[in-house]
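Asks: Let me give you the structure first, and then I'll get to my questions.
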Amino acid sequence: MADENLLQFAAETNRTIVTENVRDFAILISRWATRDTHHPNVIFTDRNRFNRRSVAYPTNVIAALAHFLQHPPIEGTSWVWWLQPPP
């Protein structure tokens, strides 16, 4: 599925996107913002912070997402957040 289609699907189904693809999604989000269109919430991850080669992966990403859901640092719509490891 193309990124634009994924963003549209997430918007239509009220879902949040979790991705490392900052370059492409940042451009798409910017385009939507200039059209004054609400985009789905997006959580960016960082391959340096959540290294796929680590034995901790994907458990560390799952733990960070679980912490995010239990203690949401942001509310509303059309937000972008960088996922952090839990404290």
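The values are calculated or read from the model by the stated rules, or taken from the named source; none is laboratory data. Worth saying up front: this structure is predicted, and the values here are computed from it rather than measured. Every residue, glycine among them, receives a Cβ derived from its backbone with ideal geometry; neighbour counts consider all protein chains shown.
Asks: Within segment 44-55, does at least one residue satisfy the condition of being at pLDDT 95 or above, surrounded by 13 or more Cβ atoms within 10 Å (Cβ to Cβ) and either out of contact with any Cys (no Cβ under 9 Å at 6 or more places or on another chain) or not hydrophobic (A, V, I, L, M, F, W, C) (or both)?
Replies: Yes; the residues of segment 44-55 include at least one that is at pLDDT 95 or above, surrounded by 13 or more Cβ atoms within 10 Å (Cβ to Cβ) and either out of contact with any Cys (no Cβ under 9 Å at 6 or more places or on another chain) or not hydrophobic (A, V, I, L, M, F, W, C) (or both).
Asks: So which residues in segment 49-70 are assigned to a loop (DSSP other than H, G, I, E, B) and either hydrophobic (A, V, I, L, M, F, W, C) or touching a strand residue (DSSP E or B) at 6+ places or on another chain (Cβ under 8 Å) (or both), if there are any at all?
Replies: Matches in segment 49-70: PHE50, VAL55, ALA56.
Residues are listed down the side, and each one gets a yes or a no for (1) under 19 Å from ARG15 (Cβ atoms); (2) surrounded by 12 or more Cβ atoms within 10 Å (Cβ to Cβ); (3) touching a residue at least 24 places away in the same chain (Cβ under 8 Å); (4) of a type in the set (Ser, Thr, Tyr):
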position: ASP36; (1), (2), (3), (4): no, no, no, no
position: PRO40; (1), (2), (3), (4): yes, yes, yes, no
position: ALA64; (1), (2), (3), (4): yes, yes, no, no
position: PHE68; (1), (2), (3), (4): yes, yes, yes, no
position: SER78; (1), (2), (3), (4): yes, yes, yes, yes
position: TRP82; (1), (2), (3), (4): yes, no, yes, no
position: PRO86; (1), (2), (3), (4): no, yes, no, no
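Asks: Additional query: Could you grab me the full set of residues in segment 14-34 that are outside any helix (DSSP H, G or I) and either without any contact (Cβ under 8 Å) to a residue 60 or more places away in the chain or over 13 Å from the mean Cα position of the chain (by Cα) (or both)? Give the derivation first.
Replies: From segment 14-34, those outside any helix (DSSP H, G or I) are 14-21; that's our starting set.
Matches in segment 14-34: ASN14, ARG15, THR16, ILE17, THR19, GLU20, ASN21.
Asks: Oh, and also: Of everything in segment 1-10, what is more than 13 Å from the chain's Cα centre (by Cα) and either of a type outside the set (S, T, N, Q) or exposed (fewer than 13 other Cβ atoms within 10 Å of the Cβ) (or both)? Give them in sequence order.
Replies: Going residue by residue through segment 1-10, those that are more than 13 Å from the chain's Cα centre (by Cα) are 1-2, 4-5, 8-9.
Once the filter is applied, which keeps residues that are more than 13 Å from the chain's Cα centre (by Cα) and either of a type outside the set (S, T, N, Q) or exposed (fewer than 13 other Cβ atoms within 10 Å of the Cβ) (or both), segment 1-10 yields MET1, ALA2, GLU4, ASN5, PHE9.
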